[in-house]
Amino acid sequence: MATPKPEEISHPPMDQLQGLEYCIDSNPSWVESIVLGFQHYILALGTAVMIPSFLVPLMGGTDDDKVRVVQTLLFVEGINTLLQTLFGTRLPTVIGGSYAFMVPIISIIHDSSLTTIEDPHLRFLSTMRAVQGAMIVASSIQIILGFSQLWGICSRFFSPLGMVPVIALAGFGLFDRGFPVVGHCVEIGIPMLILFVVFSQYLKNFHTRELPILERFALLISTTVIWAYAHLLTASGAYKHRPDLTQHNCRTDRANLISSAPWIKIPYPLEWGAPTFDAGHAFGMMAAVLVSLIESTGAYKAASRLASATPPPAHVLSRGIGWQGIGILLNGLFGTLTGSSVSVENVGLLGSTRVGSRRVIQISAGFMIFFSMLGKFGALFASIPFPIFAALYCVLFGLVASVGLSFLQFTNMNSMRNLFITGVALFLGFSVPEYFREYSSKALHGPTHTRAGWFDDFLNTIFFSSPTVALIVAVFLDNTLDYKDSAKDRGMPWWAKFRTFNGDGRNEEFYTLPFNLNRFFPPR
């Protein structure tokens, strides 16, 4: 057997991924774009329904309140997505509800000044206003860090090596929302997982009029099939004598969204009343805003790869964070019950469909706004059982994580220094949040438990986030361990040309503002 040539056993680093059909500024046909946009809307429904479904009952809210929160959250998600794709990073990213805000919000819900309110509806409104006030104040963190370019300056300390654990854990760190939720109803979750993988991977070469229809629309087709199957099981009485938890996760008629939703309802600012402000609540919420910033930074880097764009320069990244801060301000004004960050699952869908078009995401934002106003129709799609979404997450979160690992190609992984940093950052990114979760589930409070509740919320929120822990560890080690002699090993020569807007000619194509706005906001 002939000795293989070096080029046959190694793969040179590549700025852009192979096999993507449409990049950030190329678009499928309008019909295909609309269907793909609807897919992104369906996927965004999972988080938009899960978060209010968990939090609203804790606040004393009813099914009617839950529906209004879901509608408001989707409406603001649509606005924030349009703002981000037009004026922010301009990457094809859906800006959705974030789980990073759960710790401070739950802390506000359990505040003694609110739990003593006897009337459930009044307690719901009072809690909502307290959350709104905290979010409005905390949004200033991202607005300041973004528009002042401070976050762009900070990002200059990031190397490809330092970003690997952050981007990877933006996907891997969400493992508890994958198969553990599929396991709540395996009879629909596992078939959904298998069907989605078969359509998107094994049958991806099936073409109709030169369109890979099963690969491109795998999410929509498999969701429709399994949703119909779940409805058949529900109608046939398969869950009639099963435990309440099983019925809640498996039945298609337990969400109580369609019956509670109005036909037409337009969300508006201060719908729940005037926000209330408390310094302790706001300080805890600031930690969630920082976590959202870090998680979104990793997701933006992944989205740029899956859209065949260059990594966003520091100026563009900072601009996007500033607009994300505006988005969190809108979350607070409208009362969405949670802040916003980049939707990781929708980033993964870019890779699954191989379509990274900005137009598709803007169309999905239109669907979010439209169906949030037409309550009955939006509630119909929002009644899809959670295990169906969780099955999709198993694939899409993993895809985003693998994009993070792909940044290793620009580094020297034969270096013990790099192996140490990558391994320790990944392990602690998994292990520290898991410790905080286990401790909280047993003790009913986080490991940080002092008389200063705002301090507890701040630290517990930071260390509940896998990407945040990974960034703290990886960036610190990467910039302190032999960093002067390790620029090439860290991948800095490859990264250098992407750090400024003018460093790569392609940046203008991908990130220039529309409507000739660059005259007023020149890139740096």
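The number of residues in segment 436-472 being open to solvent by 40 Å² or more (accessible area, probe 1.4 Å) and among the polar types (S, T, N, Q) comes to 2.
Look through Pro467, Pro447, Pro387, Pro433 and report the one residue that is within 24 Å of Gly173 (Cβ to Cβ) and touching a His at 6+ places or on another chain (Cβ under 6 Å). It would help to see each step written out before you state the result.
Values: Pro467 fails: touching a His at 6+ places or on another chain (Cβ under 6 Å); Pro447 fails: touching a His at 6+ places or on another chain (Cβ under 6 Å); Pro433 fails: touching a His at 6+ places or on another chain (Cβ under 6 Å).
From the options Pro467, Pro447, Pro387, Pro433, the qualifying one is Pro387.
What residue, of Leu317, Leu337, is part of a loop (DSSP other than H, G, I, E, B), touching a helix residue (DSSP H, G or I) at 6+ places or on another chain (Cβ under 6 Å) and open to solvent by less than 10 Å² (accessible area, probe 1.4 Å)? Testing whether each residue is part of a loop (DSSP other than H, G, I, E, B), touching a helix residue (DSSP H, G or I) at 6+ places or on another chain (Cβ under 6 Å) and open to solvent by less than 10 Å² (accessible area, probe 1.4 Å) leaves just Leu337. In the set (1) under 20 Å from Ala168 (Cβ atoms); (2) open to solvent by 30 Å² or more (accessible area, probe 1.4 Å); (3) in a loop (DSSP other than H, G, I, E, B), Glu295 fails one condition alone, (3). Filtered by the rule that a residue be assigned to a helix (DSSP H, G or I) and either more than 23 Å from Leu169 (Cα to Cα) or not polar (S, T, N, Q) (or both), segment 450-460 gives Gly453, Trp454, Phe455, Asp456, Asp457, Phe458, Leu459.
Considering the conditions (1) surrounded by fewer than 24 Cβ atoms within 10 Å (Cβ to Cβ); (2) out of contact with any Lys or Arg (no Cβ under 9 Å at 6 or more places or on another chain); (3) closer than 26 Å to Gly348 by Cα, Gln324 is excluded by exactly one of them, (1). From the set of residues in segment 133-172 that are of a type in the set (Ser, Thr, Tyr) and in a helix (DSSP H, G or I), which is nearest to Pro493 (Cα to Cα)? Residue satisfying both the conditions and the ranking: Ser155.
Show the residue pairs that are 6+ apart or on different chains and have beta-carbon atoms under 6 Å apart, the first residue being within segment 388-401 and more than 18 Å from Pro191 (Cα to Cα), the second being of a type in the set (Lys, Arg) and open to solvent by 10 Å² or more (accessible area, probe 1.4 Å). The qualifying pairs do not exist here. For Ser26, the requirement of being polar (S, T, N, Q), assigned to a loop (DSSP other than H, G, I, E, B) and touching a residue at least 60 places away in the same chain (Cβ under 8 Å) is met. Quick one: is Ala287 touching a Ser or Thr at 6+ places or on another chain (Cβ under 6 Å), buried (at least 20 other Cβ atoms within 10 Å of the Cβ) and not charged (D, E, K, R)? Yes: the conditions hold for Ala287.
What about Thr252, is it open to solvent by less than 50 Å² (accessible area, probe 1.4 Å), modelled with pLDDT under 85 and part of a helix (DSSP H, G or I)? No; evaluated as a whole, the condition is false for this residue.
Taken over segment 384-413, the residue count meeting the criterion of being crowded, with 20+ Cβ neighbours inside 10 Å and either among the polar types (S, T, N, Q) or assigned to a loop (DSSP other than H, G, I, E, B) (or both) is 3. Residue count for segment 485-505 under the criterion of being in contact (Cβ under 8 Å) with a residue 40 or more places away in the chain and among the aliphatic types (A, V, I, L, M): the result is 1.
Considered as a group, the residues in segment 359-373 that are open to solvent by 10 Å² or more (accessible area, probe 1.4 Å) and within 23 Å of Trp30 (Cα to Cα) include one that is modelled with the lowest pLDDT, and that residue is Phe371. On the stretch given as segment 41-66, residues that are of a type outside the set (Asp, Glu), in contact with a Pro (Cβ under 9 Å, 6 or more places away or on another chain) and assigned to a helix (DSSP H, G or I) total 1.
For segment 224-269, residues that are of a type in the set (A, V, I, L, M) and either free of Cβ contacts under 8 Å to residues at least 40 places away in the same chain or farther than 22 Å from Gly378 by Cα (or both) total 7. Here the condition is being charged (D, E, K, R) and farther than 30 Å from Ile106 by Cα; of Arg506, Arg451, Arg437, it holds for Arg506 alone.
Could you tell me whether segment 86-96 includes any residue that is closer than 21 Å to Asn346 by Cα, assigned to a helix (DSSP H, G or I) and not basic (Lys, Arg)?
yes
Flag: His11 matches the condition of being over 21 Å from Thr297 (Cβ atoms) and not in a helix (DSSP H, G or I). With respect to the stated conditions, Pro165 fails to be in contact (Cβ under 8 Å) with a residue 40 or more places away in the chain, over 29 Å from Thr338 (Cβ atoms), touching a Gly at 6+ places or on another chain (Cβ under 6 Å) and open to solvent by less than 10 Å² (accessible area, probe 1.4 Å). Contact annotation: no residue pair with Cβ atoms under 9 Å, 6 or more positions apart or on different chains, pairs a residue in segment 303-318 that is aromatic (Phe, Trp, Tyr) with a partner that is open to solvent by 10 Å² or more (accessible area, probe 1.4 Å).
Determine, yes or no, whether Ser140 is among the hydroxyl-bearing types (Ser, Thr, Tyr) and open to solvent by less than 40 Å² (accessible area, probe 1.4 Å).
The answer is no for Ser140.
For Arg354, the conditions (1) crowded, with 24+ Cβ neighbours inside 10 Å; (2) at positive phi; (3) not small (Gly, Ala, Ser) are fulfilled apart from (1). On inspection, Phe147 does not qualify as open to solvent by less than 30 Å² (accessible area, probe 1.4 Å) and not aliphatic (A, V, I, L, M). Of the residues making up segment 476-505, those that are loosely packed, with under 15 Cβ neighbours inside 10 Å and among the charged types (D, E, K, R) are Asp482, Lys484, Asp485, Lys488.
The values are calculated or read from the model by the stated rules, or taken from the named source; none is laboratory data. Keep in mind the model is a prediction, meaning the values are calculated, not measured. A quick note on method: Cβ atoms are made from the backbone with ideal geometry, for glycine too, and the neighbour counts reach across all protein chains shown. When the accessible area is computed, the model is the full protein with side chains, heavy atoms only, and any ligands, DNA or RNA have been set aside. Shrake-Rupley method; radii C 1.70, N 1.55, O 1.52, S 1.80 Å.
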